[in-house]
Amino acid sequence: MESLKELYRIGRGPSSSHTMGPSHAAERFKAAYPQADSYQATLYGSLAKTGKGHLTDVAIQEAFAPVPTGIIFNREAEELNHPNTMDLEAFQNGACMGKWRIYSVGGGKIEIEGMPAANPPQVYPLSSFGEIKKYCRDQDIYLWQYVEQCEGPQIWDYLSRVWETMKAAVYNGLNAQGELSGGLGVQRKAQYLVRQRHMDESKETRENRKVCAYAFAVSEENAGGGTIVTAPTCGACGVLPAVMLYKQEQLGFADRDMLKALAAAGIVGNVIKTNASISGAECGCQAEIGSACSMAAAGLAELFHMDLDQIEYAAEVAMEHHLGLTCDPIGGLVQIPCIERNAVAAMRAINALSLANFLTYTRKISFDMVVKTMYETGRDLFSKYRETSEGGLAKMYRQ
């Protein structure tokens with residue numbers, strides 16, 4: 001498996017596949033053809049159908065700036081090798097100098113057709129949770145120690161940056177007001193949630209309200225094009241920081257504890273990314289929100305010093321009950337149902353932790369099994385429910 005640096009990417013929202021990936025592709029293409037006097041990007045599949053809402057065109061044009069760049073949304077092409085496909089062309093005096101076909105494969109990562117994949121090194125020798133769990137037991141180590149063994153001690157500096165960025169996204173989102181751009185008229189709600197106390201608020205109600213406020217805060221920052229961390233994607237970036245920051249504030253965990261929890265969560269995210277998918281365009285929202293919920297549940301279990309079986313069960317429960325979740329963003333925007341969905345998944349992660357505390361040793365389903373199931377379910381989803389905005393809520397909603 002790849003480094004956690006490839007999973008936890010710090011960048012601009014609203015979409016790792018639709019904003020970060022195309023922006024990175026444009027930067028690489030520009031570096032290959034710096035003498036071009038104009039560029040053209042043709043978007044296909046999900047990139048074409050939801051690119052406007054995800055600011056794909058803006059991200060590409062900004063990457064090529066100040067050189068003029070044309071954007072073509074080809075919504076008719078079929079038989080694509082990947083649902084997130086784009087062509088980039090460079091021109092000088094009207095003549096085409098070069099052309100790349102690029103796939104944005106999730107989490108900000110790209111692949112270029114006909115070129116050797118510039119894949120990051122595989123720093124983890126094991127790729128299934130079962131293998132990792134056995135190794136950790138044999139070595140009598142925690143998941144976070146396995147991360148340190150494979151990545152080296154320098155990983156803690158990176159995870160510290162990740163944690164600081166996550167916290168900043170929460171605080172920035174809580175302090176922001178107004179309407180998100182895109183035309184749906186969605187108002188930011190995080191500040192309202194964090195400030196409005198229920199008139200007879202119980203401890204449980206307060207937890208719900210604050211965790212949801214934090215998830216809304218990060219998700220609204222993402223939707224507004226702010227800086228966030230993919231966990232594992234932009235669209236699901238609010239789940240992990242919401243539960244982690246709430247528990248840190250509630251129980252006083254040190255930042256070092258939070259980094260260990262992020263490491264454990266990262267292993268779970270990496271297992272999903274390696275053996276299935278974290279792309280909504282490939283496997284629906286179960287691959288994004290489901291994965292984020294699994295990561296958050298595992299991170300919480302590590303934070304509370306649960307054993308490896310309990311960590312696995314928390315992650316499995318979190319994913320199992322997102323199976324079949326469609327990706328149907330209204331207007332192609334990462335707003336409805338995406339923002340609210342982050343809050344619901346954050347609370348579900350806490351519920352999964354509670355179940356793991358009581359029921360782990362009665363379970364029948366392994367985490368690896370539910371990951372495989374998620375991937376097969378996602379591939380079986382009708383294409384309109386995989387980030388095309390052609391089905392589900394996106395089809396039914398009318399302003």
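The values are calculated or read from the model by the stated rules, or taken from the named source; none is laboratory data. Note that the structure is a prediction, hence the values are computed from the model and not measured. We place every Cβ from the backbone using ideal geometry, glycine too, and count neighbours over all the protein chains shown. What goes into the accessible areas is simple: the full protein's heavy atoms, side chains included, and nothing from ligands, DNA or RNA. Shrake-Rupley method; radii C 1.70, N 1.55, O 1.52, S 1.80 Å.
Name the residues in the range 70-119 that are open to solvent by 20 Å² or more (accessible area, probe 1.4 Å), small (Gly, Ala, Ser) and closer than 21 Å to SER383 by Cα, would you? Correct list: ALA77 only.
Residues checked against (1) at pLDDT below 95; (2) outside any helix (DSSP H, G or I); (3) out of contact with any helix residue (DSSP H, G or I) (no Cβ under 6 Å at 6 or more places or on another chain):
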site	(1), (2), (3)
GLU282	yes, no, yes
GLN310	no, no, no
ALA314	no, no, no
ILE339	no, no, no
VAL344	no, no, yes
ARG348	no, no, no
ASN357	yes, no, yes
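Let's see how each residue does on (1) over 22 Å from TYR146 (Cα atoms); (2) buried (at least 22 other Cβ atoms within 10 Å of the Cβ); (3) hydrophobic (A, V, I, L, M, F, W, C):
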| position | (1), (2), (3) |
| --- | --- |
| CYS285 | yes, yes, yes |
| MET295 | no, yes, yes |
| GLU302 | no, yes, no |
| MET319 | yes, yes, yes |
| ALA343 | yes, yes, yes |
| ALA349 | yes, yes, yes |
| ILE365 | yes, no, yes |
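For ALA318, all conditions in the list (1) in contact (Cβ under 8 Å) with a residue 40 or more places away in the chain; (2) part of a helix (DSSP H, G or I) hold save one; what is the number of the exception? With respect to (1) in contact (Cβ under 8 Å) with a residue 40 or more places away in the chain; (2) part of a helix (DSSP H, G or I), ALA318 is out only on (1). Looking only at residues in the range 14-57 that are among the basic types (Lys, Arg) and closer than 23 Å to GLU387 by Cβ, the one that is least open to solvent (accessible area, probe 1.4 Å) is LYS49. Residues of the range 177-206 that are loosely packed, with under 11 Cβ neighbours inside 10 Å and on the phi > 0 side of the Ramachandran plot: GLY178, GLY185.
Residue-by-condition table, conditions (1) outside any helix (DSSP H, G or I); (2) within 30 Å of ILE141 (Cα to Cα); (3) open to solvent by less than 10 Å² (accessible area, probe 1.4 Å); (4) at pLDDT below 95:
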| residue | (1), (2), (3), (4) |
| --- | --- |
| ALA217 | no, no, yes, no |
| THR233 | yes, yes, yes, yes |
| LYS247 | no, yes, no, no |
| GLN250 | no, yes, no, no |
| MET258 | no, yes, yes, no |
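Which residues, taken from the range 384-399, are over 16 Å from GLY182 (Cβ atoms) and among the polar types (S, T, N, Q)? Listed by number, the list holds a single entry, THR388. Looking only at the range 192-208, which residues are part of a helix (DSSP H, G or I) and not acidic (Asp, Glu)? Scanning the range 192-208 gives TYR192, LEU193, VAL194, ARG195, LYS203, THR205, ARG206, ASN208.
Looking at the range 156-167, can you tell me whether even one residue there is under 28 Å from SER277 (Cα atoms), among the basic types (Lys, Arg), free of Cβ contacts under 8 Å to residues at least 12 places away in the same chain and open to solvent by 80 Å² or more (accessible area, probe 1.4 Å)? No, the range 156-167 contains no residue that is under 28 Å from SER277 (Cα atoms), among the basic types (Lys, Arg), free of Cβ contacts under 8 Å to residues at least 12 places away in the same chain and open to solvent by 80 Å² or more (accessible area, probe 1.4 Å).
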